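K.L.:
Structure in structure tokens, see below.
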Amino acid sequence: MDRILEAAPGSKVLLLGNEAIARAALEAGVAVATTYPGTPASEIGDTLARVAKDAGIYFEYSANEMVATEVAIGAAASGVRALVSMKHVGVNVAADALLTFAYTGTRGGFVLVTADDPSCHSSQNEQDNRYYALLAGIPLLEPSSPQECLEMTRQAFDISEKLELPVLLRTTTRISHVRGPVVVGEVKPGLKKKEFVKDPTRFVTVPAVARSRHLVLLQKLVEAEGLANISPLNKVVKIGIGGKLGIVASSAAFNYSVDAATYLKLDIDILKLGFSHPLPSRLIVEFLKDHDAVAVVEELEPVLETAIRAVAQREGLETRVLGKADGILSRAHELDQAIVSAALVNAFGLRLPELTPAPQIPPVPVRPPVLCAGCPHSATYYAVSKATNKKAVFASDIGCYTLGLGKPYEAADLLVCMGSSVGTAGGLAKVNDQPVIAFIGDSTFFHAGIPGLINAVHNGHKFLLMILDNRTTAMTGHQPHPGSEKGPTCCDITSVSIEEVVTGCGVKWLKVVDPYDVKTTIDSVKEGMAQPGISVIISRRECALIAKRDEKGAILGKRFIDQDACKKCRTCVDRFQCPAISSLDKVQSIDDVLCAGCGVCEQVCPYKAIKEAK
Amino acid sequence: MVDIYLVGVGGQGIITASRIVGDAAILAGKNVLLSETHGMAQRGGSVVCTARIGDVSSPIIPDGQADAILSFELLETLRALCKTSKKTVVVSSTERIVPLSVSTQKLRYPVPEEIESEVLKVAGSYALVDAPSLSRSAGVPMSSNVVMTGALAGTGITGIGREFYERALEMNVPKRIQENLAAFSLGFDAVLRK
């Protein structure tokens, strides 16, 4: 039984925040759902992909977030409900479509879920996407729990249809990746098809249309603020018996505020904002008037704080507003209840209760994430470091392979965003005498690498592009991409050949290698670097985690170190990186459980001490 | 309210273990909040999940506040000690997974006796469970996480009856359920005997 689809209305089930959003989309009768996977948003799409066929919805993993948004726009503009989900930086890619879609508005409910990542648990920045609601001029909902993820996603569709505007639903890691009890509602079939009714003076944004639609959008924002002022998603929660001190909070910061105020035994009111843009000014004015001092508790940017200060100034209110401008909270990193407790103590001049100090423990050797045992990227990086002796500049990209940045490979020198390896490599090559090598994964290549490659061919850039093709979007949980053979449950897909794309872009030198064949890979890298212009190597080998999962019986080809033959040269741990190979008390050995049987270490060992177990 | 801090190495099945605890709590009629580690951090790195049983709002467990540490790996047991106090029950697998920092930077992996002495300095009690052997003897070598979940249930600290754990186990690990129930039972008894 799949608990997402089968859970009976009114029953309580344990759901991840992301799963609750997926369930809510089904309860809202969504017709089309799209995504490009990215932590912490991935499970929204993965859940819908799994149930799409049985639920009778259309789901796709799109090539990137902009295309995902455009596909959803096409459906919603026709009049059915559409959901598009992505991680925070994905919205940068989708923004071009989103900002003008706010002008045309929508017919069917349109919800864009942005999963932000304060503290960069799995991201390259911690941008605060609530600004996108301000920038686009669209309503913003911020759930605080899995139950609210369900309820607010349902309401987001209603608000979207009422205002005919796209709605931004913003979660964070601590909302999307929290699992808690959720009382579910009823899955509704919803409208799945709708003929597009032509209305070019609304939907075709030539300048004259855009000018008039901007005025429509501004009018809708006034209407939206009216909805926010009366929305049950915005409410005052009393801690203790309430009082003259207040907190305004949203999202995860609300949870920390409740726990902190309870811990501090405060009598305080918390204005919880679930529908936070447009700011419900009337509620804010009432709350400020009722309190002597109000602390604004929010993660990352002072979005609410700045707006609340503006309201207080406009209304001439004397209530003290405290927040990031006063230094009680930082604009960086996620909060927790201890940080919020300290902030409240600081803001209101309270005494912090006696704390038991955290126990002192000796330093523990670090354990950062690493490339897995049998990872084909590790084999590719080993070959590249042998071929270049590390005398090259490495433009890297977003994916598991970014983990090549550390020792022993040091195969990442510049990384900014999805697809950036190809573009930055061109610029690096123009001003550096050192050779330049760009690394990009298969999914990332389809996402944003292709325009960069066309640019490199057209403008005559000289570098070697290595497409690390492990046949999947590995880091986010093995989602399919345009090169995959198998897609979500609902639909047949067509596999797009990377070779054909590369040659179609005009690349003249292309080679496909198996990274497990170390010598051929080393020779190919040398040959590729010697080319006069752009050269491309597709280093193709399925992700070791999938290969392992498909294996019916035992993993074949496991290796061991013959200690009699081992010369303790440490090449296998210092030049190659595999979590199955460890060096403890000066003895190198291979963990029989972790070994994936790739056999690369056997080719790495200069003394033939690594052998296949029989 | 009971706060469980689950730690280990990416790939050890910690999220599944926390889900079993979560489902068991709901079956027992309790509130629960779990937080999980996904994405890049999972690739063989240190992984943390939290399970807060009772009426709480935030999923994070502050330093010194865990009622129990359930650790799947010895070095991670040591790393988790910042969450302990003298009331904390620490249950750890004997499994050792050597991190690359030990292999390449020649850092030292402490011996089990040193870890035990550090744990007992700051925590209330310490139980070691040979989860790899117990899961092998149950016929499911990949189910060390199920053994450890059994050990947590065996301590009685969560206040959730064994039958709820067993039903939650069936919901989350439907394949080879008899062997997994046996693995759970071995973990449960391993801690009971202490």
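K.L.:
Checking the condition surrounded by fewer than 19 Cβ atoms within 10 Å (Cβ to Cβ) and more than 34 Å from the chain's Cα centre (by Cα), which residue from A:Pro357, A:Pro363 passes? Working first, answer last.
P.N.:
Values: A:Pro363 fails: more than 34 Å from the chain's Cα centre (by Cα).
Checking each option against the conditions leaves just A:Pro357.
K.L.:
For A:Trp509, only one of the following conditions fails: (1) over 16 Å from A:Met529 (Cβ atoms); (2) surrounded by fewer than 17 Cβ atoms within 10 Å (Cβ to Cβ); (3) aromatic (Phe, Trp, Tyr). What is its number?
P.N.:
The failed condition is (1).
K.L.:
For segment A:339-370, enumerate the residues that are facing chain B (nearest Cβ under 7 Å) and touching a residue at least 40 places away in the same chain (Cβ under 8 Å).
P.N.:
A:Val370
K.L.:
Here's something else I'd like to know. Looking only at residues that are under 21 Å from A:Ala448 (Cα atoms) and either touching a Pro at 6+ places or on another chain (Cβ under 8 Å) or among the β-branched types (Val, Ile, Thr) (or both) in segment A:394-422, which one is surrounded by the fewest Cβ atoms within 10 Å (Cβ to Cβ)?
P.N.:
By that ranking, first place goes to A:Val416.
K.L.:
Mind checking whether some residue in segment B:12-28 is surrounded by fewer than 23 Cβ atoms within 10 Å (Cβ to Cβ), over 16 Å from the mean Cα position of the chain (by Cα) and either within 10 Å of chain A (Cβ to nearest Cβ) or free of Cβ contacts under 8 Å to residues at least 12 places away in the same chain (or both)?
P.N.:
Yes, segment B:12-28 contains at least one residue that is surrounded by fewer than 23 Cβ atoms within 10 Å (Cβ to Cβ), over 16 Å from the mean Cα position of the chain (by Cα) and either within 10 Å of chain A (Cβ to nearest Cβ) or free of Cβ contacts under 8 Å to residues at least 12 places away in the same chain (or both).
K.L.:
Sort out which residues of segment A:389-419 are without any contact (Cβ under 8 Å) to a residue 12 or more places away in the chain and at positive phi, and write them in order of number.
P.N.:
A:Asn389
K.L.:
Using beta carbons and a limit of 7 Å, which pairs, at least six apart or on different chains, have the first residue in segment A:377-388 and farther than 18 Å from A:Pro579 by Cβ and the second one surrounded by fewer than 24 Cβ atoms within 10 Å (Cβ to Cβ) and aliphatic (A, V, I, L, M)?
P.N.:
From segment A:377-388, the pairs are A:Ala383/A:Val518; A:Ala383/A:Ile522; A:Lys386/A:Ile522; A:Ala387/A:Ile522.
K.L.:
Please pick out the residue among B:Leu128, B:Leu107 that is at pLDDT 95 or above and on the phi < 0 side of the Ramachandran plot. Steps first, answer last, please.
P.N.:
On the way: B:Leu107 fails: at pLDDT 95 or above.
When all the criteria are applied, what remains is B:Leu128.
K.L.:
Another one. Condition first: touching a helix residue (DSSP H, G or I) at 6+ places or on another chain (Cβ under 6 Å) and more than 18 Å from A:Ala24 (Cα to Cα). Now tell me which residues in segment A:155-181 satisfy that.
P.N.:
Across segment A:155-181, the qualifying residues are A:Leu163, A:Leu165, A:Arg174.
K.L.:
Just one of the numbered conditions (1) touching a residue at least 60 places away in the same chain (Cβ under 8 Å); (2) in contact with a helix residue (DSSP H, G or I) (Cβ under 7 Å, 6 or more places away or on another chain); (3) aliphatic (A, V, I, L, M) is not true of A:Leu279; which one?
P.N.:
(1)
K.L.:
Please state which of the following conditions A:Asp591 fails to meet, knowing it meets all the rest: (1) modelled with pLDDT of 95 or more; (2) within 11 Å of chain B (Cβ to nearest Cβ).
P.N.:
Answer for A:Asp591: the failing condition is (1).
K.L.:
Assess whether A:Gly79 counts as being more than 14 Å from chain B (Cβ to nearest Cβ), of a type in the set (Gly, Ala, Ser) and surrounded by fewer than 24 Cβ atoms within 10 Å (Cβ to Cβ).
P.N.:
On the way: more than 14 Å from chain B (Cβ to nearest Cβ): yes; of a type in the set (Gly, Ala, Ser): yes; surrounded by fewer than 24 Cβ atoms within 10 Å (Cβ to Cβ): yes.
Criteria met by A:Gly79.
K.L.:
Also, quick follow-up: Counting just the residues of segment B:116-135 that are more than 10 Å from chain A (Cβ to nearest Cβ) and among the hydrophobic types (A, V, I, L, M, F, W, C), which one comes out nearest to B:Pro62 (Cα to Cα)? If you could, list the steps in order and put the result at the bottom.
P.N.:
Filtering segment B:116-135 for residues more than 10 Å from chain A (Cβ to nearest Cβ) gives B:116-117, B:120, B:124-131, B:133-135.
When the remaining residues are screened for being among the hydrophobic types (A, V, I, L, M, F, W, C), the result is B:120, B:127-129, B:131, B:134.
Working: B:Leu120: 20, B:Ala127: 23, B:Leu128: 24, B:Val129: 26, B:Ala131: 28, B:Leu134: 32 Å.
Among those that are more than 10 Å from chain A (Cβ to nearest Cβ) and among the hydrophobic types (A, V, I, L, M, F, W, C), it is B:Leu120.
K.L.:
Taking only pairs six or more apart or across chains, which ones have beta-carbon atoms under 8 Å, a first residue in segment B:157-183 that is part of a helix (DSSP H, G or I), and a second residue that is aromatic (Phe, Trp, Tyr)?
P.N.:
B:Arg162/B:Phe188; B:Tyr165/B:Phe184; B:Glu166/B:Phe184; B:Leu169/B:Phe184
K.L.:
Do we find that A:Asp54 is within 14 Å of chain B (Cβ to nearest Cβ) and in contact (Cβ under 8 Å) with a residue 60 or more places away in the chain in this structure? Spell out the reasoning first.
P.N.:
Working: within 14 Å of chain B (Cβ to nearest Cβ): no; in contact (Cβ under 8 Å) with a residue 60 or more places away in the chain: yes.
No.
K.L.:
Do you know which residues across segment B:154-174 are touching a Gly at 6+ places or on another chain (Cβ under 8 Å) and hydroxyl-bearing (Ser, Thr, Tyr)?
P.N.:
Correct list: B:Tyr165 only.
K.L.:
So A:Val182 fits all but one of (1) within 22 Å of A:Arg3 (Cβ to Cβ); (2) in contact with a Lys or Arg (Cβ under 8 Å, 6 or more places away or on another chain); (3) in a helix (DSSP H, G or I); what number is the exception?
P.N.:
Result: A:Val182 fails condition (3) only.
K.L.:
Assess whether A:Leu594 counts as being within 27 Å of A:Ser443 (Cα to Cα), surrounded by fewer than 22 Cβ atoms within 10 Å (Cβ to Cβ) and of a type in the set (A, V, I, L, M, F, W, C).
P.N.:
Values: within 27 Å of A:Ser443 (Cα to Cα): yes; surrounded by fewer than 22 Cβ atoms within 10 Å (Cβ to Cβ): yes; of a type in the set (A, V, I, L, M, F, W, C): yes.
Against the criterion (within 27 Å of A:Ser443 (Cα to Cα), surrounded by fewer than 22 Cβ atoms within 10 Å (Cβ to Cβ) and of a type in the set (A, V, I, L, M, F, W, C)), A:Leu594 qualifies.
K.L.:
Next question. Could you give me the residue pairs with C-beta distances under 6 Å whose first residue belongs to segment B:114-135 and is over 12 Å from B:Leu78 (Cβ atoms), whose second residue is part of a helix (DSSP H, G or I) and modelled with pLDDT under 95 wherever it lies, and which are 6+ apart or on separate chains?
P.N.:
Here the result reads B:Ala127/B:Val191, each pair linking segment B:114-135 to a residue that is part of a helix (DSSP H, G or I) and modelled with pLDDT under 95.
K.L.:
A follow-up question, please. Can you name the residue in segment B:36-51 that is touching a Pro at 6+ places or on another chain (Cβ under 6 Å) and surrounded by 21 or more Cβ atoms within 10 Å (Cβ to Cβ) and is also nearest to A:Asp591 (Cα to Cα) among such residues? Lay out the reasoning, then the answer.
P.N.:
We begin by selecting, within segment B:36-51, every residue touching a Pro at 6+ places or on another chain (Cβ under 6 Å); these are B:40-41, B:43-45, B:50.
Of the ones still in play, those that are also surrounded by 21 or more Cβ atoms within 10 Å (Cβ to Cβ) are B:40, B:43-44, B:50.
Numbers: B:Met40: 23, B:Arg43: 17, B:Gly44: 14, B:Thr50: 29 Å.
For segment B:36-51, the residue satisfying everything is B:Gly44.
K.L.:
While we're looking at this one, here's another question. With the requirement that a residue be touching a Ser or Thr at 6+ places or on another chain (Cβ under 8 Å), over 18 Å from A:Tyr381 (Cα atoms) and surrounded by 21 or more Cβ atoms within 10 Å (Cβ to Cβ), what does segment A:453-478 give you?
P.N.:
Across segment A:453-478, the qualifying residues are A:Thr472, A:Thr473, A:Thr476.
K.L.:
Would you please name the residue that is surrounded by the fewest Cβ atoms within 10 Å (Cβ to Cβ), looking only at residues in segment B:103-133 that are touching a strand residue (DSSP E or B) at 6+ places or on another chain (Cβ under 7 Å), assigned to a helix (DSSP H, G or I) and of a type outside the set (Asp, Glu)?
P.N.:
First, pick out the residues of segment B:103-133 that are touching a strand residue (DSSP E or B) at 6+ places or on another chain (Cβ under 7 Å): B:103, B:109, B:116, B:119-120, B:123-129, B:131.
Imposing the further condition that a residue be assigned to a helix (DSSP H, G or I) reduces the set to B:103, B:116, B:119-120, B:131.
After this cut, where a residue has to be of a type outside the set (Asp, Glu) as well, the list is B:103, B:119-120, B:131.
Numbers: B:Ser103: 23, B:Val119: 25, B:Leu120: 12, B:Ala131: 29.
Here the residue is B:Leu120.
K.L.:
Looking at this structure, is B:Arg167 away from every other protein chain (no Cβ under 14 Å) and surrounded by fewer than 23 Cβ atoms within 10 Å (Cβ to Cβ)? Break it down into steps so the answer makes sense when it comes.
P.N.:
On the way: away from every other protein chain (no Cβ under 14 Å): no; surrounded by fewer than 23 Cβ atoms within 10 Å (Cβ to Cβ): yes.
Criteria not met by B:Arg167.
K.L.:
With under 22 Å from B:Gly11 (Cβ atoms), small (Gly, Ala, Ser) and free of Cβ contacts under 8 Å to residues at least 60 places away in the same chain as the only criterion, which of B:Ser71, B:Ser85, B:Ser57, B:Ser46 stands out? Give the derivation first.
P.N.:
Numbers: B:Ser71 fails: free of Cβ contacts under 8 Å to residues at least 60 places away in the same chain; B:Ser85 fails: under 22 Å from B:Gly11 (Cβ atoms); B:Ser57 fails: under 22 Å from B:Gly11 (Cβ atoms).
After applying the criteria, what remains is B:Ser46.
K.L.:
Next question. Within segment A:382-409, restricting attention to residues that are under 23 Å from A:Gly427 (Cβ atoms) and hydroxyl-bearing (Ser, Thr, Tyr), which residue is farthest from the other protein chains (Cβ to nearest Cβ)?
P.N.:
Per the stated criteria, the residue is A:Thr388.
K.L.:
If I ask for residues that are among the small types (Gly, Ala, Ser), at negative phi and outside any helix (DSSP H, G or I), which ones from segment A:443-480 would you list? Write out each step before concluding.
P.N.:
Step one: list which residues in segment A:443-480 are among the small types (Gly, Ala, Ser), which gives A:443, A:448-449, A:452, A:456, A:460, A:474, A:477.
Remaining after also requiring at negative phi: A:443, A:448-449, A:452, A:456, A:474.
The one that is among the small types (Gly, Ala, Ser), at negative phi and outside any helix (DSSP H, G or I): A:Ala474.
K.L.:
I've got another one for you. I'd like the full set of residues that are exposed (fewer than 12 other Cβ atoms within 10 Å of the Cβ) and either of a type outside the set (D, E, K, R) or in contact with a Leu (Cβ under 7 Å, 6 or more places away or on another chain) (or both), limited to segment A:558-575.
P.N.:
Within segment A:558-575, A:Gln563 is the sole residue that qualifies.
K.L.:
Does A:Glu43 satisfy the criteria of being acidic (Asp, Glu) and away from chain B (no Cβ under 14 Å)? Give the steps one after another, and end with the answer.
P.N.:
On the way: acidic (Asp, Glu): yes; away from chain B (no Cβ under 14 Å): no.
Judged against the criteria, A:Glu43 is not a match.
The values are calculated or read from the model by the stated rules, or taken from the named source; none is laboratory data. The model shown is predicted, which means the values in this text are computed figures rather than measured ones. Neighbour counts are summed over all protein chains in view; Cβ atoms, including those assigned to glycine, are modelled from backbone coordinates with ideal geometry.
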